[in-house]
Amino acid sequence: MVAENLVVCQISPDTLEPMDPTMDTPMDLRYTDAQEAFREEARTWLSAHAPAPHALPSLDTAEGFEAHRAWERTMFADRWSVVSWPEEYGGRGVGILEWLIFEEEYWRAQAPLRVSQNGIFLLAPTLSEFGTDQQKARFLPPMASGEEIWCQGWSEPDAGSDLAGIRSRARRAHSDDGWVLTGQKTWASRGAFAEWCFGLFRTDPEAERHRGLTYFLVEMDSPGVTVRPIPQIDGETGFAELFFEEVFVPDSQVLGGVGRGWNVAMATAGSERGLSLRSPARYSEAATRLVALYAERLALDPERAVLTADAVAQAWIDAEAYRLNTLWTATRVLDGGSVGSEASANKIHWSETDLAIHRAALALLGPAAELHDGGADAPWLDGYLFALAGPIYAGTNEIQRNVVAERMLGLPRG
Amino acid sequence: MHFAFTGQQIEFRDTVRRVLARECTTDDLRAAFAAPTARTARWATLAELGVVGLSVPEAHGGLGLGLLDLVLLLEEAGRVALPEPLMATSALAAPLLGDLEGAGPAGATRVRSWLEEIAAGSITAAVGPPPGCPAPIAGAVGADLLVLTTPGPEDGPEVHVLEAGAAEVTPITSLDPTRRLGAVTWEPTADTRLASGSRAASTILATSDRAAVATAAELLGVTDRMVVMAADYAKERKQFGRPIGAFQAVKHLLAGAKVKLEFARPLVYGAAWALDQGAPDASRSASAAKACASDAAVEAARVSLQVHGAIGYTWESDLHLFLKRAWALSEAWGSAAEHRRRVLGSLLAPA
Ligand SMILES: Cc1cc2nc3c(=O)[nH]c(=O)nc-3n(C[C@H](O)[C@H](O)[C@H](O)COP(=O)(O)OP(=O)(O)OC[C@H]3O[C@@H](n4cnc5c(N)ncnc54)[C@H](O)[C@@H]3O)c2cc1C
């Protein structure tokens, strides 16, 4: 197991139910001295090593990608890239709370975005749950060091929200030691530069939609893979289209068993929406900057500032609610519980919080909001553009609302 | 760091939930709408269970517990729109009296006997707003004890406690008659004064913060109830040959309300803990909790009415019993906007 914080399991009926009714640990929202010492160690290391905020070129450029990879290597060298992983894979073997503390310090330092996020936050927990020991030993260390960066090959031109409708397929190789992939994937974030891809392919065209899928780990420079970069709304090549033409993948790169791809993918999706992709520190830090921006604008342009006071406060509260909810969920996981359909509620909340924070910031900036001159305020606009994608990726918020309605409220399927 | 209730706290909640499901049905609520009273057989049951005296010191017959132990029970009170004044009596008056025991000329013996009577279920209390925030007082009509504040003379605000009869209470008609709102006319005297100056100021602040969190906890319960009622209705009611809950527009309304509720929850529990601990940012936590709980309740009220259609707009439907409580509590002890302003003020204040 990579780390308890990265495991996503079954639906739990009542999130309030204690895992064990005899449990008598009183509620306590303070970290221990040892955890505070860990925080201090992380803070000290980050302040000595992290590049200044926004110092690296954008990770959606070839140059920026490599700069971000180098930063991953620096972190890995001192075992800060994946703190919650076991030491054998390059981590520190710390728990979920320490991971959250590390994230707080990471965002506080405004350290670079994680170019390895698809691997370390999404694939790794799935690998830990479904991978063989050989697969873990093969893939986790280079993922942790940034040597191998992963992208996610799920969406297709005709299968977005309806993921089970994918058509890319895999047939058994004549050599009988692997599979041959054919088809097209799209919107793969960081796909333009990544070394590896975790993708879903149809291995049994006869089976019912969800049944015939298999989860493959594919090397991007395999013969037959073509990558076409796609510029995103900001003009940078943030994602790519991937074409597979008779691409051979050995059996050792099937994750979780042939025909079990949907189950495995749902574990990844749970990480994407639940605990691991978006740590609360990301929003707490942005909310803190928002309050600072408010204070600054209140002095310069009080009339405009007071119009946004309510929105600024609510955005900060939303981030705080997310932080507390994460601690609630983390406690539950530490007590042996699991994260189920709450991950969908979580995804709706974090994506809307991100939007609320950035919308409030742009409202504060007023006419300066549209400026993109690399000045101190430009990150708010970039952040807003990215926040706008939040309700789309990781399963659109409309789909998550369906999940909340059907699984949390028991409404009939449509 | 352990953000969870204990097994015991959950068990107590379950007991109270079971009892209230039996003793506070919607028929009971209708009866209370018709003839609102402060002390009832249900109140006696709650006192016997230890709920009413939960925060009364053990020496005076209570359980000596904190707000964190009470929030889950207040949530249950909200779930059934409990007509009796549990919040004012148990979450506000009892801890205030406990804090001020021995203070002021009102005398330790009187305070002690009030505390004992609260724990025994023989009196109820109503608590007035902080000075400078005039508002009708919930539960004033029929209350045995009135906890009131004045801006006081030069040396700051004062807290007074009056027994029924010592003040004139004029009933005020409101949407939810079980709130028993009243306007109170009274004369502060040296005899009624329990605290003044900085002692009174800190008591008033603590009481307002507790009121915000306790009201937020009740709102969680009433919000959950409205969402569940609407979801249940959406599973039964058929139109176009299927349950309306199969229509996505209906699903999305309810899902939105559910998400708001679930993210208000940790704020409320966290604020209860912070207040009990006297954490430095406890007041801000209390305001954040009330802001979100108020918004979640108003949204759930709107959504659950919409999902019910015209039947929800009738007196016959039980829904309005909960909508009215939600609307009233969303504005009580500070609206969402007022609490947001307080949150921002605290964030901007130099550390
Ligand atoms: C920034 C970004 C990064 C991404 N990165 C990746 C990646 O790395 N790998 C990857 O595989 N994919 C990635 N995606 C793709 C993402 O997963 C899809 O965009 C998403 O699943 C939605 O699919 P779609 O774009 O085809 O929209 P569609 O499914 O066509 O949906 C369009 C609209 O219709 C709504 N809709 C569709 N079906 C329903 C329904 N049943 N009920 C209600 N409304 C519905 C949707 O909510 C949406 O509003 C990324 C997307 C973005 C924006």
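The values are calculated or read from the model by the stated rules, or taken from the named source; none is laboratory data. Not measured: the values here are computed from a predicted model. All Cβ positions, glycine included, derive from the backbone under ideal geometry; neighbour counts span all protein chains shown. Heavy atoms of the whole protein, side chains included, go into the accessibility calculation; ligands, DNA and RNA do not. Shrake-Rupley method; radii C 1.70, N 1.55, O 1.52, S 1.80 Å.
Data overview
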quantity: Only one of B:286, B:301 that is within 30 Å of residue B:31 (Cβ to Cβ) and touching a residue at least 60 places away in the same chain (Cβ under 8 Å); calculated: B:301
quantity: Residue match in region A:100-113 (condition: closer than 27 Å to residue A:199 by Cα and more than 18 Å from the chain's Cα centre (by Cα)); calculated: no
quantity: Single residue of region B:238-264 satisfying the filter (among the basic types (Lys, Arg) and either open to solvent by less than 40 Å² (accessible area, probe 1.4 Å) or in contact (Cβ under 8 Å) with a residue 24 or more places away in the chain (or both)) that is nearest to the other protein chains (Cβ to nearest Cβ); calculated: B:251
quantity: Test set (1) under 25 Å from the mean Cα position of the chain (by Cα); (2) more than 9 Å from chain A (Cβ to nearest Cβ); (3) surrounded by 20 or more Cβ atoms within 10 Å (Cβ to Cβ) - residue B:267 fails condition number; calculated: (2)
quantity: Scope region B:15-29; condition open to solvent by less than 60 Å² (accessible area, probe 1.4 Å) and either in a helix (DSSP H, G or I) or within 14 Å of chain A (Cβ to nearest Cβ) (or both); matching residues; calculated: B:15, B:16, B:19, B:20, B:23, B:26, B:28, B:29
quantity: Residue in region B:308-324 that is within 14 Å of chain A (Cβ to nearest Cβ) and modelled with pLDDT of 95 or more present; calculated: no
quantity: From the options B:12, B:3, residue that is open to solvent by less than 30 Å² (accessible area, probe 1.4 Å) and either of a type outside the set (Gly, Ala, Ser) or farther than 22 Å from residue B:122 by Cα (or both); calculated: B:3
quantity: Single match in B:96, B:92, B:63 (criterion: under 20 Å from the mean Cα position of the chain (by Cα), more than 30 Å from residue B:315 (Cβ to Cβ) and without any contact (Cβ under 8 Å) to a residue 24 or more places away in the chain); calculated: B:63
quantity: Exclusive hit being within 10 Å of another protein chain (Cβ to nearest Cβ) and more than 16 Å from the ligand (Cβ to nearest atom), set A:401, A:413, A:332; calculated: A:332
quantity: Subset tally (residues that are among the acidic types (Asp, Glu), open to solvent by 80 Å² or more (accessible area, probe 1.4 Å) and within 14 Å of chain B (Cβ to nearest Cβ)) for region A:22-79; calculated: 2
quantity: Qualifying residue in region A:379-387 (condition: acidic (Asp, Glu), within 16 Å of the ligand (Cβ to nearest atom) and surrounded by fewer than 19 Cβ atoms within 10 Å (Cβ to Cβ)); calculated: yes
quantity: Any pair with Cβ under 8 angstrom, 6 or more apart, that starts in region A:165-190 at a residue that is more than 14 Å from chain B (Cβ to nearest Cβ) and ends at one that is away from the ligand (no atom under 11 Å from the Cβ) and assigned to a helix (DSSP H, G or I); calculated: A:177/A:251; A:178/A:251; A:178/A:253; A:179/A:251; A:190/A:65
quantity: Residues (of a type in the set (Val, Ile, Thr) and either at positive phi or more than 14 Å from chain B (Cβ to nearest Cβ) (or both)) located in region A:379-398; calculated: A:392
quantity: Residues (more than 7 Å from chain A (Cβ to nearest Cβ), in contact with a strand residue (DSSP E or B) (Cβ under 8 Å, 6 or more places away or on another chain) and of a type in the set (Lys, Arg)) located in region B:224-237; calculated: B:237
quantity: Filter pass, residue B:116 being open to solvent by 30 Å² or more (accessible area, probe 1.4 Å), more than 20 Å from residue B:275 (Cα to Cα) and part of a loop (DSSP other than H, G, I, E, B); calculated: no
